[in-house]
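Encoded as structure tokens, the structure appears first; notes follow it.
The values are calculated or read from the model by the stated rules, or taken from the named source; none is laboratory data. Treat the numbers as computed from the prediction; the structure is a model and nothing was measured. Cβ coordinates were reconstructed from backbone atoms using ideal geometry, including for glycine residues, and neighbour counts include every protein chain displayed. Accessible surface areas use protein heavy atoms only, side chains included; no ligands, DNA or RNA. Shrake-Rupley method; radii C 1.70, N 1.55, O 1.52, S 1.80 Å.
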Amino acid sequence: MERLHGGTMMTALFISQKRAEIPRLRSAFPDIRQAGPARVLRLTKRGDQIWLMTDHAEWPALTTALAAQGCSIVVMTLVPSEAEALQALQAGARGYLHALSPPELLTQAALVTGNQGVWVPAELLSKVIGAAFTSLGGRESLPVDSLTILTERERAVALAVAEGRSNKEVARLLDITERTVKAHLGAAFRKLGVRDRMQLVLKLSRQDEKIV
């Protein structure tokens with residue numbers, strides 16, 4: 001898969017040590033190229049989309065190196081876990097998903113990550129968000145001025161979401177409806193200038209200022 005980005009032709013690469021191909025990935029992106037981990041750093045450039053299997057021990061370091069080159073990385077695995085998802089995101093990946101995801105899901109993941117969003121399976125998202133917030137210091141490490149633009153209720157909802165709670169869990173915790181949770185969360189997102197829960201965590205911990 002090649003596309004123009006800022007006047008430069010970008011490439012999609014599938015990186016794996018053991019697998020020759022993933023048919024569903026090929027179905028989603030017919031022009032995707034394949035390469036082994038040892039060669040990928042010589043083949044990539046800023047803006048390239050990388051689909052990286054976790055079938056070799058060096059994948060976290062390779063993810064970090066590719067992210068430093070300006071690539072958009074989606075880490076793929078046959079056995080998803082929240083711990084590995086968090087490891088992938090901390091290494092610099094934009095996405096994490098099951099290697100046998102349907103082509104439609106792969107296409108969506110490519111669109112989101114290619115536009116600087118974060119893609120994690122819905123069933124892992126809340127746990128990954130909470131783990132990321134905790135690893136970055138949680139409530140105790142929040143800058144004093146990070147939530148001053150939010151109302152008291154928006155602040156309570158934003159912090160509960162950052163700690164990994166679902167909308168339903170936040171509603172029970174704060175004794176409000178899920179619809180109200182969504183309204184407060186949407187307002188918090190707008191005021192803080194974020195698009196999703198992972199960006200909220202990065203914003204609250206000021207990690208977004210470190211991302212180029």
For this session: Give the range 62-94 a look and list any residue that's farther than 17 Å from M198 by Cα and in a helix (DSSP H, G or I), or say none.
Result: L62, T63, T64, A65, L66, A67, A68
Exercise. Do we find that A57 is hydrophobic (A, V, I, L, M, F, W, C), within 18 Å of E84 (Cα to Cα), touching a Gly at 6+ places or on another chain (Cβ under 9 Å) and surrounded by fewer than 21 Cβ atoms within 10 Å (Cβ to Cβ) in this structure?
Worked result: no
Problem set entry | Residues (surrounded by fewer than 16 Cβ atoms within 10 Å (Cβ to Cβ) and not basic (K, R)) located in the range 139-151 | E140, S141, P143, V144, D145, T148, I149, T151
For this session: Tell me, please, whether a residue that is more than 21 Å from P121 (Cα to Cα), at pLDDT 90 or above and either assigned to a helix (DSSP H, G or I) or in contact with a His (Cβ under 8 Å, 6 or more places away or on another chain) (or both) can be found in the range 44-61.
Result: yes
Problem set entry | Number of the exception - L100 against (1) at pLDDT below 85; (2) farther than 17 Å from Q199 by Cβ | (1)
Problem set entry | Close pairs (7 angstrom Cβ cut-off, 6 or more residues apart or separate chains): small (G, A, S) in the range 171-189, open to solvent by less than 30 Å² (accessible area, probe 1.4 Å) anywhere | A171/V181; A187/E154; A188/L150; A188/E154; A188/V157; A188/A158
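Residue-wise test of (1) among the aliphatic types (A, V, I, L, M); (2) over 21 Å from F189 (Cβ atoms); (3) open to solvent by 30 Å² or more (accessible area, probe 1.4 Å).
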| site | (1), (2), (3) |
| --- | --- |
| A93 | yes, yes, no |
| Q108 | no, no, yes |
| Q116 | no, no, yes |
| R153 | no, no, yes |
| V157 | yes, no, no |
| R165 | no, no, yes |
For this session: Could you please give the count of residues in the range 95-107 that are touching a helix residue (DSSP H, G or I) at 6+ places or on another chain (Cβ under 7 Å) and assigned to a helix (DSSP H, G or I)?
Result: 3
For this session: Evaluate the following for A83: is it open to solvent by 60 Å² or more (accessible area, probe 1.4 Å) and under 15 Å from S126 (Cα atoms)?
Result: yes
Problem set entry | Criterion violated by L100 - all others in (1) farther than 30 Å from I176 by Cα; (2) among the aliphatic types (A, V, I, L, M); (3) open to solvent by 70 Å² or more (accessible area, probe 1.4 Å); (4) free of Cβ contacts under 8 Å to residues at least 40 places away in the same chain satisfied | (4)
For this session: Please tell me if I73 is open to solvent by less than 70 Å² (accessible area, probe 1.4 Å) and closer than 23 Å to S205 by Cα.
Result: yes
Problem set entry | Residue identified as farther than 22 Å from S135 by Cα and either among the aromatic types (F, W, Y) or in contact (Cβ under 8 Å) with a residue 40 or more places away in the chain (or both) among L52, L43 | L52
For this session: Would you please list the contacts, defined by Cβ atoms under 7 Å and residues six or more apart or on different chains, that run from a residue in the range 1-27 that is within 13 Å of D55 (Cβ to Cβ) and at pLDDT 90 or above to a residue that is of a type in the set (G, A, S) and open to solvent by less than 80 Å² (accessible area, probe 1.4 Å)?
Result: I15/A35; Q17/G36; I22/A99
For this session: From V120, V170, grab the single residue that is at pLDDT 85 or above, open to solvent by less than 20 Å² (accessible area, probe 1.4 Å) and more than 26 Å from L25 (Cα to Cα).
Result: V170
